[in-house]
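The block underneath contains the structure these notes are about, expressed in structure tokens.
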Amino acid sequence: MSVQKLLPFGTPQAVRDETRRLMDEMGRDGGFIIAPSHDMGGDIPLDNMVAFIETVRDGDM
């Protein structure tokens, strides 16, 4: 999950969509740790952080 492009500049829906895509593609057989690519800086809107966290929490991996 890009902390340079998607998280600071994307919409909450785009964050949800990319999070689901990563979970679907990479999480099928286990062993996938979903996380931002780096520390989440202050330039990331709170709505995008919440969208990421809620999607992971509610996801089916």
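Just so you know, all these numbers are worked out from the coordinates, no wet-lab data involved. What you see is a predicted model; the values in this text were computed from it and never measured. All Cβ positions, even for glycine, are placed from backbone atoms using ideal geometry, and neighbour counts span all protein chains on display.
Excluding LEU46 itself, calculate the net charge of residues whose Cβ lies under 15 Å from the Cβ of LEU46, where each Lys or Arg counts +1 and each Asp or Glu counts -1. For residues surrounding LEU46, the net value is -2. Placing +1 on the Cβ of every Lys and Arg and -1 on the Cβ of every Asp and Glu, with nothing else charged, gives the chain a dipole about its Cα centre of roughly 60 debye.
Would you mind checking the tilt of helix 12-26 against the longest principal axis of the Cα atoms of the chain, expressed as 0 to 90 degrees and rounded to 10? Value to nearest ten degrees: 30.
Which loop trypsin sites (Lys or Arg not before Pro) in region 3-61, with loop taken from DSSP, have no more than 12 other Cβ atoms within 10 angstrom of their Cβ? For trypsin sites (Lys or Arg not before Pro) across region 3-61 that sit outside H, G, I, E and B with at most 12 neighbouring Cβ atoms in 10 Å, the list reads LYS5, ARG28. Report, in degrees rounded to the nearest 10, the 0 to 90 angle that the Cα long axis of helix 46-58 makes with the longest principal axis of the chain. Taking the Cα atoms of the chain, the angle to 46-58 is about 10 degrees.
How large is the Kirkwood hydrodynamic radius of region 1-46, in angstrom, based on all distinct alpha carbon pairs?
11.2
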